[in-house]
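Report on the following structure.
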Amino acid sequence: MAQLTQPLYYVNGEFVSSHEARLPVNDLSIVRGYGVFDYTRSYNGKPFKLHEHILRLERSAAAIDLALPWSTAELAAIVQETFERNGYPDAGIRIVVTGGPAEDFMTPQGKPSLLVMITPITSSQAAAQTAGVKITTVEMERVLPTVKSINYLGAIMAVEAAKREGAVEAVYRTADGLLTEGTRANLFVFKGDQLITASEDVLAGITRSVIFEIASDDFTVVQGPVRYEEIRAGTVDEVFITSSTKEILPVIQVDDIQVGNGRPGPKTQKLLALFHSYVENYSRDRISG
């Protein structure tokens, strides 16, 4: 299928141009920030882990008492059709469920809105993966951290502050100095052959789960506390962040702290190579299937 010059979105049963997509102004997503979303991407014309992302969307909706009138299979079919109608081999796939319109601007009426937004991916993470990136930390409590809520007020503020410091991401830091996750990414650190990531108050990242799978043969994977003081003391060897958009990004600086020798570490690079192989095999298997 030929690629569209203007992305096509799915909005409540209709396929419309991205410029024509609309929601009622009394939708609870607009007036109250009530809704959930999930995001994946495609590789070589195949959505990556779509089923897992839809299951996570359903868990997020259940956690905020947002009833979904669509089955898992129906959601998957809608997303797949929207993706195929666009014709982009590499694309971002955003699924959004809102609280729907409410006459009193507060009470859900059991008529949620469903949007599927497809955007072409035209850039690569290769340069950042080779050079490494800087992240900042922010002492901020995230509301419902295990839910992919559309409420990103704190995250937007944190990311804008990070950008002013030349950083690509901001990581939440608790009052007692624990690092949990980024605004849009999970956080991992290496201490020797231990690969450590937070176990509490974090989103169950789909890329995170792939890391668990590909790292288990070479490293001891530990879900436990990641302490800011250990990064500052230099007892952490390597740091990286993961997400659907970032894949694996080596972190060479946290705030004003250099990580290791200031270059992407060999263990992170090994995981990155394993991840790229995993994605290639996944796409090939899906195509042949």
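The values are calculated or read from the model by the stated rules, or taken from the named source; none is laboratory data. Remember, it's a predicted structure, so these values are computed and weren't measured experimentally. Note that each Cβ is placed from the backbone with ideal geometry, even for glycine, and that neighbours are counted across all protein chains shown. Note: accessible area is taken over every heavy atom of the protein model, side chains too, but ligands, DNA and RNA are not part of it. Shrake-Rupley method; radii C 1.70, N 1.55, O 1.52, S 1.80 Å.
Pairs of lysine residues in the chain that meet both criteria, 8 or more places apart or on different chains and Cα atoms under 20 Å apart, total 15.
Look at where the Cα atoms of segment 88-111 and of segment 188-233 average out, and the two centres are 32 Å apart. At a 1.4 Å probe, what is the % contribution of carbon and sulfur to the accessible area of the chain? Answer for the chain: carbon and sulfur cover 51 percent of the accessible area. Among the GluC sites (Glu not before Pro) in segment 52-111, those placed in a DSSP loop whose Cβ has at most 10 other Cβ atoms within 10 Å are Glu103. GNM remark for the chain: springs join alpha carbons under 10 Å apart, and the peak mean-square fluctuation among Thr40, Thr107, Thr268 falls on Thr107.
For Ser124 and Glu52, what does the FRET efficiency come to when R0 = 22 Å and r is the distance between their Cβ atoms, rounded to the nearest 0.05? Result of the calculation: an efficiency of 0.40.
Taken along its three principal axes, the alpha carbon spread of segment 1-142 comes to 50, 46, 28 Å, from the longest extent down to the shortest.
Once the C-beta distance of Asn261 and Val31 is scaled by a Förster radius of 45 Å, the resulting FRET efficiency is 0.35 to the nearest 0.05. Placing pseudo-labels 7 Å out from each Cα toward the beta carbon at Glu230 and Leu68 gives an inter-label distance of 3.4 nm. The stretch between Ser277 and Asp193 holds 28.1 nm of extra length on full extension. This uses 0.36 nm per residue minus the Cα-Cα distance. The Cβ shell under 14 Å around Gln194 holds other residues with a net charge of -2, Lys and Arg each +1, Asp and Glu each -1. Here the extension length gained between Ile156 and Ser216 equals 18.2 nm, from 0.36 nm per residue of separation less the Cα-Cα distance. In this structure the amide hydrogen of Glu181, modeled in the peptide plane, comes within under 5 Å of the amide hydrogens of Tyr172, none closer than 5 places in sequence on its chain.
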